[in-house]
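Every number in this text was worked out from the coordinates using simple rules, so none of it is lab data. Keep in mind that what you see is a predicted model, and the values were worked out from it rather than measured. Backbone-built Cβ (ideal geometry, glycine too); neighbour counts: all protein chains shown.
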Amino acid sequence: MPGPDPEALWIDEEADRPTVTYQAYCWTGNNGNRRKRAIAMLRRLARGDWTCRWCGDALPDWRRVDARYCCEGCRKRAARSRRMYRR
């Protein structure tokens, strides 16, 4: 399954309110999943939750909306840390 199109969403953060705009699929006018993704991303931006849970950097635009880590390395470091904590 391919990842989200990185050129289909734009994030603008003005004064105190983030804005997410999206482009409909080429020549179809079908907004379906891109609209849902834009709404979910906007909710996370409004909560201040669009950051990596390990390193604290902002997540890239091309990550899935339900992603919690900015890269595979951060995800693995967090998992390793959780395993060490359980012992």
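Filter the chymotrypsin sites (Phe, Trp or Tyr not before Pro) in the stretch 55-87 down to the DSSP loop ones having no more than 13 other Cβ atoms within 10 Å, then list what survives.
Sites meeting the loop and neighbour criteria: TRP62.
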Original post:
FRET efficiency for CYS55 and ARG86, Cβ-Cβ distance as r, R0 = 22 Å, nearest 0.05?
Top reply: 0.50
Subject >> Sorted by Cβ neighbour density within 10 Å, fewest at the top, the residues CYS74, CYS55 >> reply: CYS55, CYS74
Original post:
Of THR21, THR51, how do they rank once you tally other Cβ atoms within 10 Å and put the fewest first?
Top reply: THR21, THR51
Subject >> Share of pairwise Cα separations in the stretch 9-86, more than 21 Å, in percent >> reply: 39
